[in-house]
Amino acid sequence: MTVTERTTIAGTILGLVVFIAYWVVIITRAVTDDVPFVDVEWQGPMLAAILVGGGLYAVSYGIIWWRARGTRRTDERDFEIERYAETAGAGLAGLGSLAALIMLTLDVDTFWVATTLFMVGYLASLVNSGVTIAAYRQGMPS
Amino acid sequence: MTITERYQWAYGFAVLLTSGAYFVWLGLRLAEQPADSIEYVTPLLWTLLASFIVHSFGRGFAAHAARGDSGSDERDRAINQRADALSFFVFSVLAAAPLVLGLMGESAFWITNSLFLAYSLTAVIGVGLRAWSYRTGALA
């Protein structure tokens with residue numbers, strides 16, 4: 001397993017854990033305080049999810065990179081897979097962002113707009129990771 | 001010039017014309033009145049619709065002008081893929097601004113317009129990257 005494949009898998013697992021943790025916090029707050037989602041204090045958990053998720057990914061990336069010292073970390077296949085998968089999820093992010101823009105003009109609560117941006121950002125990265133891992137496991141279509 | 005390249009110019013022209021007009025109008029309004037009192041929603045929706053219509057006409061003209069030219073080829077696909085990837089990266093960075101504004105509890109005016117600006121800038125940068133690549137072969 002190459003360094004790029006390891007970092008992609010690590011990022012996917014971390015992203016999933018952080019994403020689930022964010023929603024556990026939001027749902028728990030909504031249930032325990034008996035308030036609708038739009039009245040939950042979501043800003044702190046979302047900011048924490050972005051910063052902690054990004055920080056943990058950077059640390060795991062550094063560890064995997066460091067453990068592979070002395071070996072060739074990337075090769076031509078990594079480069080080809082990166083090229084192949086790099087636009088996967090971009091369409092989803094674009095459509096989701098357009099949806100967020102329409103929601104803002106319709107005066108939808110900021111919670112739902114931010115949640116839409118957060119969700120499509122996460123899902124786009126998940127699609128990208130899924131395509132990358134599938135390309136490593138099953139090869140790229142010719 | 002392939003049809004794909006002509007389509008890109010049509011897209012860039014539509015975005016520059018419509019979004020440019022909107023942001024000039026918004027700048028003039030901001031110079032005269034507070035942001036939260038500006039009725040921006042209807043002009044913004046008209047801008048989106050106008051952009052779609054101008055882009056559609058532009059594609060029609062491009063297709064007409066490209067009669068007899070070569071269709072899309074492998075180079076077009078390579079340039080498109082790289083430019084899409086770089087544009088996605090640019091948009092991800094620019095879209096952080098409305099997200100941060102939302103986290104800070106700013107008004108919908110600033111969140112909406114920063115998101116629309118991110119969209120417009122990404123489109124212009126994407127077309128610019130393609131034009132640059134077609135001229136220099138940098139991304140192919």
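Taking each residue of region A:85-108 that is more than 9 Å from every other protein chain (Cβ to nearest Cβ) and looking for partners that are among the polar types (S, T, N, Q) and part of a helix (DSSP H, G or I) with beta-carbon atoms closer than 8 Å, six or more apart or interchain, yields A:ALA85/A:ASN128; A:ALA85/A:THR132; A:ALA88/A:ASN128; A:ALA88/A:THR132; A:GLY96/A:THR116; A:ALA99/A:THR116; A:MET103/A:THR116. Is at least one residue of region A:64-71 part of a helix (DSSP H, G or I), in contact (Cβ under 8 Å) with a residue 24 or more places away in the chain and in contact with a helix residue (DSSP H, G or I) (Cβ under 7 Å, 6 or more places away or on another chain)? Yes, region A:64-71 has at least one match. Being over 27 Å from A:TYR122 (Cα atoms), in contact with a Phe, Trp or Tyr (Cβ under 9 Å, 6 or more places away or on another chain) and within 14 Å of chain A (Cβ to nearest Cβ) is a property that holds for B:THR47.
Based on this model, can you work out whether A:GLU82 counts as open to solvent by 60 Å² or more (accessible area, probe 1.4 Å), farther than 14 Å from B:PHE91 by Cα and more than 13 Å from chain B (Cβ to nearest Cβ)? Against the criterion (open to solvent by 60 Å² or more (accessible area, probe 1.4 Å), farther than 14 Å from B:PHE91 by Cα and more than 13 Å from chain B (Cβ to nearest Cβ)), A:GLU82 does not qualify.
Would you mind listing the helices (runs of 4 or more DSSP H) fully within region B:33-140 where at least 2 residues are among the acidic types (Asp, Glu)?
Answer list for region B:33-140: B:74-94.
Against the list (1) surrounded by 16 or more Cβ atoms within 10 Å (Cβ to Cβ); (2) within 18 Å of B:ALA95 (Cα to Cα), the condition A:ALA135 fails is (2).
Scanning region A:1-37 for residues that are part of a helix (DSSP H, G or I), over 21 Å from A:TYR57 (Cβ atoms) and open to solvent by 50 Å² or more (accessible area, probe 1.4 Å) yields a count of 6. Only one entry in A:THR74, A:THR132 is outside any helix (DSSP H, G or I) and among the β-branched types (Val, Ile, Thr), namely A:THR74.
Taking the criterion of being out of contact with any helix residue (DSSP H, G or I) (no Cβ under 6 Å at 6 or more places or on another chain) and facing chain A (nearest Cβ under 9 Å), would at least one residue in region B:51-74 satisfy it? The answer is no, given that none of the residues of region B:51-74 is out of contact with any helix residue (DSSP H, G or I) (no Cβ under 6 Å at 6 or more places or on another chain) and facing chain A (nearest Cβ under 9 Å). Of all the residues in region B:113-140, those that are at the interface with another protein chain (Cβ under 8 Å from one of its Cβ atoms) and open to solvent by 20 Å² or more (accessible area, probe 1.4 Å) number 1.
Return the residue satisfying two criteria in turn: it lies in region B:90-112 and is within 16 Å of the chain's Cα centre (by Cα) and more than 9 Å from every other protein chain (Cβ to nearest Cβ), and of such residues it is farthest from A:LEU51 (Cα to Cα). That would be B:VAL90.
Applying the criterion of being without any contact (Cβ under 8 Å) to a residue 60 or more places away in the chain and under 24 Å from B:LEU101 (Cβ atoms) to the residues of region A:25-42, the residue that is nearest to the other protein chains (Cβ to nearest Cβ) is A:GLU41. Within region B:96-119, residues that are touching a residue at least 24 places away in the same chain (Cβ under 8 Å) have Cβ atoms under 9 Å from residues that are open to solvent by 60 Å² or more (accessible area, probe 1.4 Å) in these pairs: B:SER107/B:ASP36; B:PHE109/B:ASP36; B:ALA118/B:VAL93; B:TYR119/A:LEU98, counting only partners at least 6 apart in sequence or on another chain.
The values are calculated or read from the model by the stated rules, or taken from the named source; none is laboratory data. Note that the coordinates shown come from a computational prediction; the quantities given were computed from them, not determined experimentally. When we count neighbours, we look across all protein chains shown, and the Cβ atoms used for this are built from the backbone with ideal geometry, even at glycine. Side chains included, ligands, DNA and RNA excluded: accessible areas come from the protein's heavy atoms. Shrake-Rupley method; radii C 1.70, N 1.55, O 1.52, S 1.80 Å.
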